[in-house]
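Written below as structure tokens is the structure these notes are about.
The values are calculated or read from the model by the stated rules, or taken from the named source; none is laboratory data. Since this is a predicted model, take the numbers as computed values, not measurements. Using ideal geometry, Cβ is built from the backbone for each residue, glycine included, and neighbour counts are taken over all protein chains shown. Just so you know, the surface numbers come from the protein's heavy atoms only, side chains and all, with ligands and any DNA or RNA stripped out. Shrake-Rupley method; radii C 1.70, N 1.55, O 1.52, S 1.80 Å.
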Amino acid sequence: MGMFVGRRPSPERDFPGPLRANRIGTIAPLLCCLAAWSSSATAAELEQAEALFRAGKYDECAQLAEQEIAGIGWGERWRTLKIAAELARGKYPQALASLENALRRFPASVALHLQALDVYRYNGRAEDVPRELEMLERVVMGSPQRHATPEGRIALGRYFLLRGADAKKVLDLFFDVAIKEQPDYVEAYLATAELALEKQDLALAAETLRKAPKPAAEDPRFHYLLARAYSAEDSAGSARELTEALKLNPRHVDSLLLQADHLIDSEKYEDAARMLEQVRAVNPHEPRAFAYQAVLAHLRNDRDGEAAARRSALATWATNPEVDHLIGRKLAQKYRFAEGSAYQRRALELDPDYRPARLQLCQDLLRLGEETEGWTLAAEIFAKDAYNVVAYNLTTLRDRLAGFRTLQQDGFLVRMEPREAELYGRRVLDLLRRAKQTLCAKYGASVPEPVIVEIFPQRREFAVRTFGLPGADGLLGVCFGRVVTANSPASQGAHPSNWEAVLWHEFCHVVTLSKTRNKMPRWLSEGISVYEEEQADPAWGSALNPRFRAMILGPELTPMSQLSSAFLSSKTPLHLQFAYYESALAVDFLVQRFGLDAVKGVLDDLGSGSPINETLPRRTKTSLEQLDRDFARFARERAGRVAPEATWEEPDLPGDADSAAIATWLESHPKSFHGWRRLAARFVAEQKWARAKHAIGKLKGLYPEYVGPENAYIMLATVHRRLSDPAAERQALEELTARDGSASPALLRLLELDEAEKDWRKLATDARRLLAVNPMIPAPHRGLARAAEQLGAIDEAVTAYRAVALLDESDPAEVHYRLARLLSQKGNRDEARREVLKSLEEAPRFLDAHRLLLELVERSENHAKAAGDGHGHPH
């Protein structure tokens, strides 16, 4: 900046009096030229300084700003940039000095007064913040017209948010207006996204950032905010954006901290610790880095280290509520809701109005089953912050849950939509009772009571109860400890999963989380639950499909010591399902190799605070490295035993290729699983039954375990049905349902065969199996009603006919009549009379119903007469 470094030229001081008086007309144009030159030069320098800041060169940015402030850089932006650079490096006293100097020069700057709030806090002067807020209010209200620029509107919007203004109004009146006035103003998009993320509106945040002008992509904040917006639904996209942010600025603290957050989720604790060291190299006093350090200490059961890290986090700002909130949030994500809620309460002791802590505490309490306080808190949050998406969703769900029916028995409290409770609520309680008896005894554990189970007929409701937000596609149930949430069959379309298997799985979580005090890695928790599904019923187990087989035999098998990362970093829904499968395989390996007692010992150690990778070697007397090698060998040997003769090439033929073309291809690929499956399906489509039977036999011989689409069993059953061979059809269907507990089409056909053969015991069994998959259709209830009636199981028949009455309107007169007969046999004459009257209401000429009604009337009269004759007689 040459000649002007050091001070700003002033005509009052730099030109002698006579010259000033006599030649003012000549000097004025010169001064205008100088001002224009300095403005242009300053703009270029300012752009350079901002580029330094975006690149993480904070010291260089601050030095350049200091030079400009001392020279001709009299603009306010130089001051705010210098302060921001000093704050980024943790140079809090220097930032304070810079702030005080800046405020003397620009006392009416909203941006500087906003910066002042953090500067005072991080310098241990939180008591100055209220005074600063009052000053800020005077500045804003004193001359609002001064801030009618895009920059001013963003600053004003942030101020009003601090004062508790309605977030939607801030968006409408400030941030949206700034974007409309200057569509290329990047800061307006970033401010909008920050607000949306604060309110858990991830969709709005992502949408806003995608609309941002191209220069936004040069700012690491843009990619960091996108990473946060994607984190819930698109982990790969989130990781990609984080990479972009750190490519622009390897010292971007927010991005480094988010990466550490993800590493903690993946249980890569050493990598997370190294990431925190990178943060402290930028800012040695960064409170969030110490908060994460406290989380790591907690997870390794280092209580002294946890307390020390928390003290360090609060060293510069003793009442910072974000510290305890962050620690508690991460502990809650590790399912340590009791410890997490305690930290949220500590945060609220420091700042009772800190909304993130209030919202997290609300969710923690609901997951702990502390519902009265949790729902009250949700209502309070929503009343004060109507834009908060999670609070809105929770209060809406609370109203919906008020209409659910509550069932209680054996230490369980089950909530279901009333119609669903009527249809299969009793079966839910019976299943949970059996699971409790089996699993608590097996693992030597007790569970807190009541265990709360909520079953939702809509996926959105399940997702909101579980996560506070819609989504959670692919999840059937979630367990938090003594609270279980589940999707009902009604939420899953035409072919739901076996709900009994789902609830058995989730209650197993209740047992293992209770035994470990919620201190277990996700892979072991999920692995034991999936393993116990198959132990309870082999048909509930997960079959080894061709894709999983290839993943195990290929490079995609995750070492046991890293299995939790398979859940967080799963690239696709298929990879997530594979994480469940290989976790169960790992548990099977541990039980087979070291016994169930070793696994129970690991759970005991986890409950005492030992990390998984310390207790596993201790309980198995095998190094972690050897366990990884042995598990990989175990998994690959098992996969190798499945379809050992099959090959896996796929026919390179058009989709509509006929059987002749596929058969020709198979001549050179005689053991191709995919080839034989496709040929069998084509023969069935062409109705070439004899050839289909041959091809299906080849397919079944190659891979008898396969029960996916176009499996041998369902095609063979189709062939036998067309050939009128019900015995062979039954055999194929029973083989399928023995392997796949959710095969509802096969079970439906078995009901038809059972009833045609009047095999009432098989009909009852198959009806119960179908009820475990889909109790929302009439067929299994009708089948069970008929079977139970024939077998003399009156109570079960009554329950089943009541369900038929709810679901099936094809012949209500017959259903009510049969109910009346059964109730009459039980001696429930009043109920029987009501049912027979319902029957006659539907079919007034139904003779059997008339006869039954007369019989009931006669019995009632005879009973009354007998009672009257006996009244008052001496004994």
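Quick check: at a probe of 1.4 Å, how many percent of the accessible area of segment 349-460 sits on carbon and sulfur atoms? Don't skip to the end; give the middle numbers.
Working: 2330 of 4870 Å².
Answer for segment 349-460: carbon and sulfur cover 48 percent of the accessible area.
The Cβ shell under 13 Å around Asp656 holds other residues with a net charge of 0, Lys and Arg each +1, Asp and Glu each -1. Calculated accessible area for segment 85-179 comes out at 46 Å² per residue, all protein chains present (probe 1.4 Å; ligands, DNA, RNA ignored). Our summary gives the chain a relative contact order of 6 percent, counting only alpha carbon pairs under 8 angstrom and 6 or more residues apart. Against the chain, whose longest principal axis comes from its Cα atoms, helix 186-198 is set at around 40 degrees.
Residue-wise HN-Hα couplings along segment 664-674, as the Karplus relation 6.51 cos²θ - 1.76 cosθ + 1.60 with θ = phi - 60° gives them from phi, are 4, 4, 5, 4, 9, 9, x, 10, 6, 4, 5 Hz; Gly and Pro carry x.
Summing +1 for each Lys or Arg and -1 for each Asp or Glu among the other residues whose beta-carbon sits under 13 angstrom from that of Leu348 gives -4. Computed in the context of the full set of protein chains, the accessible area of segment 706-773 at 1.4 Å probe radius has 51% of its extent on carbon or sulfur.
Accessible surface computed residue by residue for segment 526-626, with neighbouring protein chains in place and a 1.4 Å probe, gives 41 Å² per residue. Summarising the strand pairing of the chain, around 40 percent of its internal DSSP beta bridges are antiparallel.
Per atom type, segment 263-341 shows carbon and sulfur on 48% of its accessible surface, probed at 1.4 Å.
Each part gets one Cα centre, and for segment 597-623 versus segment 631-700 those centres are 44 Å apart. In the context of the full set of protein chains, residues of segment 362-482 present 40 Å² of accessible surface per residue (probe radius 1.4 Å, heavy atoms only).
For the chain, the Cβ-based charge dipole about the Cα centre amounts to some 780 debye (Lys, Arg positive; Asp, Glu negative; other atoms uncharged). Across segment 610-705, the relative contact order, built from alpha-carbon pairs under 8 Å that are at least six residues apart, equals 24 percent.
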